[in-house]
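Before we start, here is the structure in question, set down as structure tokens.
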Amino acid sequence: MKYLLLSAVIYGPGTVLYIMAKREQRVALFNKIELGIFAIVMVAAIVAIYSIATGIITI
């Protein structure tokens, strides 16, 4: 579980690059399924960052 949460943190900056590329192409960012997956991954990233900050999980 620890590594799954840590990998979610890595997807954050990758998503920023994805959004920049999609806007450059002027196409839709996410469909409904992708938006749901994006929301789940971002919640996991927030949980991971909080857990690292409070010492619940270590790197």
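The values are calculated or read from the model by the stated rules, or taken from the named source; none is laboratory data. Note that this is a predicted model, so its numbers are computed, not measured. Cβ: placed from backbone, ideal geometry, glycine included. Neighbour counts: every protein chain shown.
What single numbered condition from (1) modelled with pLDDT of 90 or more; (2) exposed (fewer than 14 other Cβ atoms within 10 Å of the Cβ) fails to hold for F30?
(2)
A follow-up question, please. Looking only at the stretch 1-19, count how many residues are over 16 Å from A39 (Cβ atoms), without any contact (Cβ under 8 Å) to a residue 24 or more places away in the chain and hydrophobic (A, V, I, L, M, F, W, C).
Qualifying residue count for the region: 3.
Which is within 15 Å of the chain's Cα centre (by Cα), part of a helix (DSSP H, G or I) and small (G, A, S), of A21, A48?
Values: A21 fails: within 15 Å of the chain's Cα centre (by Cα).
Exactly one of A21, A48 is within 15 Å of the chain's Cα centre (by Cα), part of a helix (DSSP H, G or I) and small (G, A, S), namely A48.
Where residues in the stretch 1-27 are more than 21 Å from I57 (Cβ to Cβ) and hydrophobic (A, V, I, L, M, F, W, C), which of them is surrounded by the most Cβ atoms within 10 Å (Cβ to Cβ)?
Restricting to residues being more than 21 Å from I57 (Cβ to Cβ) and hydrophobic (A, V, I, L, M, F, W, C), the top hit is I19.
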